[in-house]
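Undergrad: I'd like to ask you about the structure that follows.
The values are calculated or read from the model by the stated rules, or taken from the named source; none is laboratory data. Just so we're clear, the structure is a prediction, and the values are computed from it rather than from any experiment. Using ideal geometry, Cβ is built from the backbone for each residue, glycine included, and neighbour counts are taken over all protein chains shown. These accessible areas exclude ligands, DNA and RNA; they are computed on the full protein's heavy atoms, side chains included. Shrake-Rupley method; radii C 1.70, N 1.55, O 1.52, S 1.80 Å.
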Amino acid sequence: MFLNNCWYVAAWNYEIEDGLVSRTIINEPIVLYRKTDGTIVALQDRCCHRSAPLSIGRKEGDSLRCMYHGLKFNDSGKCIEIPGQDSIPPQACVRAFPVVEQNSWVWVWMGDPAKADPALIPPAVSLDNPDWIFRSGSIDYQANYQLVNDNLLDFSHLFYLHKDSFGVGEDWAHTRPKVTRLDRGVRVQRWMPDQPVPNHLKATVSVETMDLFSTYDYLAPGVMVMHSYGFPGGTVKQFEGQEPHGIHPIRHDVTCQSITPLTDGTSRYFFSWAPNRHALAGATDAQADGMLAIARQAFEEDRIMIEAQARVLDQTPNPKQVPIAFDNALSQMRWVLDKLINEERQPALQPVAAQ
Amino acid sequence: MFLNNCWYVAAWNYEIEDGLVSRTIINEPIVLYRKTDGTIVALQDRCCHRSAPLSIGRKEGDSLRCMYHGLKFNDSGKCIEIPGQDSIPPQACVRAFPVVEQNSWVWVWMGDPAKADPALIPPAVSLDNPDWIFRSGSIDYQANYQLVNDNLLDFSHLFYLHKDSFGVGEDWAHTRPKVTRLDRGVRVQRWMPDQPVPNHLKATVSVETMDLFSTYDYLAPGVMVMHSYGFPGGTVKQFEGQEPHGIHPIRHDVTCQSITPLTDGTSRYFFSWAPNRHALAGATDAQADGMLAIARQAFEEDRIMIEAQARVLDQTPNPKQVPIAFDNALSQMRWVLDKLINEERQPALQPVAAQ
Amino acid sequence: MFLNNCWYVAAWNYEIEDGLVSRTIINEPIVLYRKTDGTIVALQDRCCHRSAPLSIGRKEGDSLRCMYHGLKFNDSGKCIEIPGQDSIPPQACVRAFPVVEQNSWVWVWMGDPAKADPALIPPAVSLDNPDWIFRSGSIDYQANYQLVNDNLLDFSHLFYLHKDSFGVGEDWAHTRPKVTRLDRGVRVQRWMPDQPVPNHLKATVSVETMDLFSTYDYLAPGVMVMHSYGFPGGTVKQFEGQEPHGIHPIRHDVTCQSITPLTDGTSRYFFSWAPNRHALAGATDAQADGMLAIARQAFEEDRIMIEAQARVLDQTPNPKQVPIAFDNALSQMRWVLDKLINEERQPALQPVAAQ
């Protein structure tokens, strides 16, 4: 059960060049390509004739030809040529999905096109934003996307699972963040005072400890933008645990992450990470490279755990699961997704006009 | 749902030598071997005792011994020895399938043995027919056999899928063949005037263009014998599009092809191809080799497309499919197969004799 | 449908050293580890929080910590720490399985712990028993465990399947053993007079032929201890086919074998084999090595046959199977297992006290 009326990250925009890219999203095969004007098209990757995949077809201008029997589709999915016959029946078409290229991601709307409101695209930071030095990538998971959402919504695991990569202190396993419900997600914020500098920042700052503040919004279906700040010790007291303002951080980093369900049991995780050029400790290409190297090590630790968890759940589909306090954010996010999915399946009754 | 009362190609006859050959046909495991008189036996490849496969057993004269607990079966599948006991219960037997070796193929009848009429074996040309220089082989498909039938019944795909192998002209994608219903299949015939010589014939003729005539019968379950002729330009007009006769072709080739369902989702494709020795352009071993090399390249193009199509259909079992004019032959063949399958499941009522 | 109230061999005891061992038994994932006092713990390998496998966690003293979010469990499966919260709900626990280390095997009780009676552990001979020179190992099967039980309960297959390894005479395929029903299994005994010395014993005795006597008890779920004796020719007559006594054998060997269902379609086979130091022909390390080398060759022959049989049964779930006389022991064993499984599912009515 996936949310349909929703923008999914289909790809990094740099993945869509001259060729045809095949990608499955919520079990639906899609072919992506760029038109001559540079905009991106997303069509069902299944010819309406005999179900051959169009992604092994041929781009002809802004159109796409199936290379089995030659049917040709325009960028809205309408069949415009059937070799061997003159008339083209109106049902000869493949589904076209609304696409928006925004902040370096290619967003595809999987539900009712009439509801494809670009305002619903979760915010992210573009890879070419000059304030940041971005590095990016993606990883495939043999696991349902909700297990990755869960992971990203409870950072108590950083102390246990990522000892060898991020190397954060034990208070990450004990200090619960502030969780705020958002319209289509949750906001997670935490101050971690007097933190030893975690490994991915060590090369870049000379202090021994920092007060860390991190804040992220996690939005349906699974898009996270997190800002992490390092301040001199004592800063947390100054703001009494509230969001900091009017002060220049030693470090400021941002990471954009998105998990896209490919099928029920597979997902693709897109991520970027960047130091900010304007923080006191500055930012260099080498620092950006070093940060992503450690993040990649951590993501691999996540992948091993999450895929092991997925295999256990395959063996025991509905195990007993005891909730704990740290589940707060992930439980709220699952509630939000369930609510959105239910609303789309059983549209709310319209109020009856007064007689 | 497969047709049972039908001859399936189990193997090329040269595959059955001294040993035991295991082959699954319409989900039924079968073991094939030759008797001392050279005739071929096909038994169920599953011992009636504890279901061990007989194909890892031992041939003893014309009999077959299961090498798990030693039960021995004669060539009609009757158990003739049970180690450790004297009496053999009559139900101790494995199913024997009618087999005919004909025209280099080993034909196995999968249905009611009483109905196994050799007259129902589709015609083919024997590999040792002196009029031809044959080359042959086989390819396994991860796809249902009907997708291969479909492929072979619509040659509009030659222009799109086989540009790099056969390299036929665009009119193959626009000129519809004449399709005639046969008792257990369809006949497909076409004249293609003024054709550039396709790649697999280029080495053998010196003309620039030919009028091509091709004709094939496609018979249940999926057996095709196609004759292709090349004539001097203008010949098509002489016969007004009808079958040519009384004229010696520049080229004459035959290909025999058969697709056997192994399981629901796998198939084996048997094929031969040969130039005729008596055509004007003659035929050499080198030409026969060259023809099959290009045909193999084309079959690989087919395999990639058909297996991709099968994967799409696995993902979306009943997609919308819009019929086109070129579907004529494949639709008729699917109709014929459905009809035969239905008849065998619901035998026609016998007319009641007049009182 | 597996028997739950039953001791399963989870491992050789030497497999459980310092680390965590993951093993699935009757579809249930289990993690095994040793406490500081050397005793073994078996817990459900699935954290009660979010189902992560504990076997990729960390041993802390006698406890086990999940390395995803840090929950810690003691050796009875009770959660004793949840990072980030003070109170631990009573339902926060994982199932602990009764474990006994006995005769070199680690036995795990998969059913109701209240019924875990160590007296039900089948007998076996410890690898460090000074009377024997043991060799041991294990093999995984892609097959249901009952197919391995069947194999071990009908040795008529020795003549057919193990010609190249054990190399026994043809009378093994014709001489039926004496089969006696036991409470939780069967006893199988046979005299084989004037036997050529089988291959695995050839290096150790100088005689040409021996009278062999073998006896084994096969107990639920699938544990066999077999003693094999070689006597001078004529001994069989002396005892009139009954168990020999008061006579010193030329050879005496023991083998302990156990088949544990991992999942419905996979199993692990544990085996040991040893010559007795006190038999007339004595026993050396080299002889013990040689015996196991030939036994391993035979087990591989078994594995190939049984996995082939399993694939046939996957293709045809309920084939016709004709029983033969040699099925006696395996049929009785299947009956015993079915009875035990049924009793555990439908507990016997208690007799009503007389009024």
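Undergrad: Tell me: how much accessible area in total is hidden between C and A, 1.4 Å probe, Å², nearest 100?
TA: So the buried area, both faces added, is about 2500 Å².
Undergrad: Just the accessible area per residue of the protein assembly as shown, please: how many Å² with a 1.4 Å probe?
TA: Computed with neighbouring chains in place, this is 41 Å² per residue.
Undergrad: Measuring label to label, 7 Å along Cα→Cβ, what does C:Ser138 give against each other copy in nm, shortest first?
TA: 4.1, 4.1
Undergrad: If I take R0 = 56 Å and measure r between the Cβ atoms of C:Arg181 and B:Glu243 in this structure, what FRET efficiency does the formula 1/(1 + (r/R0)^6) give, to the nearest 0.05?
TA: Calculated transfer efficiency: 0.10.
Undergrad: Right, next: I'd like the accessible area for C:Lys35: 1.4 Å probe, protein heavy atoms, all chains in place, Å² to the nearest 10.
TA: The accessible area comes out at roughly 40 Å².
Undergrad: Now for a different question. Ignoring ligands and nucleic acids, what accessible area does B:Phe159 show with a 1.4 Å probe (Å², nearest 10)?
TA: Taking all protein chains as shown, B:Phe159 has close to 30 Å².
Undergrad: Find every distance from the label point of A:Gly38 to the corresponding label point in the other copies (7 Å from Cα along Cα→Cβ) and write them in nm, one decimal, shortest first.
TA: Computed spacing set for this position: 7.5, 7.5 nm.
Undergrad: Can you sort C:Tyr269, A:Tyr229 by solvent-accessible area, 1.4 Å probe, largest first?
TA: A:Tyr229, C:Tyr269
Undergrad: Considering all projection directions equally, how large on average is the shadow of the alpha-carbon convex hull of region A:7-120, in square nanometres?
TA: Mean projected area of the Cα convex hull: 7.1 nm².
Undergrad: Here is a further query. Can you find, among C:Tyr141, C:Ala298, C:Ala220, the residue sitting farthest towards the positive end of the charge dipole of region C:135-339, where Lys and Arg contribute +1 and Asp and Glu -1 at Cβ?
TA: C:Ala220
Undergrad: Then there is this: Once ligands and nucleic acids are excluded and a 1.4 Å probe is used, how much of A:Tyr216 is accessible, expressed in Å² to the nearest 10?
TA: 0 Å²
Undergrad: OK, next. Kindly provide log₁₀ I(q)/I(0) values, in the same order as q = 0.05, 0.06, 0.07 Å⁻¹, from the Debye equation applied to equal alpha-carbon scatterers of the protein assembly as shown.
TA: Each listed q corresponds, in turn, to -0.49, -0.70, -0.92.
Undergrad: Would you mind getting me the FRET efficiency between B:Asp131 and C:Asp264? Use the beta-carbon distance for r and R0 = 45 Å, nearest 0.05.
TA: 0.20
Undergrad: Projected onto the charge dipole of region C:135-339 (+1 at Lys/Arg Cβ, -1 at Asp/Glu Cβ, origin at the Cα centre), which of C:Gly167, C:Ala288, C:Cys256 gives the Cα projection farthest towards the positive end?
TA: C:Cys256
Undergrad: Another question about this same structure. How much of the accessible area of the protein assembly as shown, probe 1.4 Å, is carbon plus sulfur, in whole percent? Walk me through the numbers on the way to the answer.
TA: Numbers: 21830 of 43430 Å².
Carbon with sulfur: 50 percent of the solvent-accessible area.
Undergrad: Related question: Which order do B:Arg184, A:Arg251, B:Arg46 take when ranked by solvent-accessible area (1.4 Å probe, heavy atoms of all protein chains), largest first?
TA: B:Arg184, B:Arg46, A:Arg251
Undergrad: I need two numbers for chain B: Rg to one decimal and Dmax as a whole number, Cα atoms only, in Å.
TA: Gyration radius and largest Cα-Cα distance of chain B: 22.8, 78 Å.
Undergrad: What pairs from A:Lys163/C:Lys78; A:Lys202/C:Lys59; B:Lys78/C:Lys320; B:Lys72/B:Lys115 go past 20 Å between their alpha carbons? Present the calculation step by step, with values, prior to reporting the outcome.
TA: Numbers: A:Lys163/C:Lys78 25 Å; A:Lys202/C:Lys59 30 Å; B:Lys78/C:Lys320 14 Å; B:Lys72/B:Lys115 28 Å.
Violating the 20 Å Cα-Cα cut-off are A:Lys163/C:Lys78; A:Lys202/C:Lys59; B:Lys72/B:Lys115.
Undergrad: Rounded to the nearest 500 deg cm²/dmol, what is the calculated helix-only ellipticity per residue at 222 nm for the protein assembly as shown, with -39500 (n - 2.57) per DSSP H run of length n ≥ 4?
TA: -6000 deg cm²/dmol
Undergrad: Which residues, if any, in region B:313-341 lose at least 50 square angstrom of accessible heavy-atom surface (probe 1.4 Å) when the other protein chains sit next to their chain rather than the chain being alone?
TA: Flagged in region B:313-341: B:Gln315, B:Lys320, B:Gln321, B:Val322, B:Ile324.
Undergrad: Please list, short to long, the whole-number percent of alpha-carbon pairs of region C:51-202 in consecutive 5 angstrom bins beginning at zero.
TA: Calculated over all Cα pairs of region C:51-202, the distribution is 2, 7, 10, 11, 13, 14, 11, 8, 7, 6, 5, 3, 2, 1, 0 percent.
Undergrad: Can you give me the C-alpha center-to-center distance between region B:220-266 and region B:37-76, rounded to a whole angstrom?
TA: Comparing the Cα centres of region B:220-266 and region B:37-76, I get a distance of 41 Å.
Undergrad: Distances from B:Gly246 to the same position in the other copies: list them in nm, one decimal, shortest first, using label points 7 Å from Cα along Cα→Cβ.
TA: So the distances to the same position in the other copies read 10.8, 10.8 nm.
Undergrad: When you have a sec, figure out the Kirkwood radius of region B:229-279 from all distinct Cα pair distances and drop it here in Å to one decimal?
TA: It works out to 13.6 Å.
Undergrad: Give me the inter-chain shielding for A:143-153: mean count of other chain Cβ atoms within 10 Å, whole number please.
TA: So the per-residue partner count for this stretch is 1.
Undergrad: How are the Cα pair distances of region B:135-339 distributed, in percent, across 5 Å bins from 0?
TA: Here the calculated profile for region B:135-339 is 1, 7, 14, 19, 21, 17, 10, 5, 3, 1, 0.
Undergrad: Have a look at region B:59-83 and report residues whose accessible surface goes down by 50 Å² or more when the remaining protein chains are included, against the chain on its own, probe 1.4 Å, ligands and DNA/RNA excluded.
TA: Those residues are B:Met67, B:Tyr68, B:His69, B:Pro83.
Undergrad: How much FRET efficiency would the formula 1/(1 + (r/R0)^6) give for A:Glu307 and A:Arg334, where r is the Cβ-Cβ distance and R0 is 25 Å, rounded to 0.05?
TA: According to the calculation, E is roughly 0.80.
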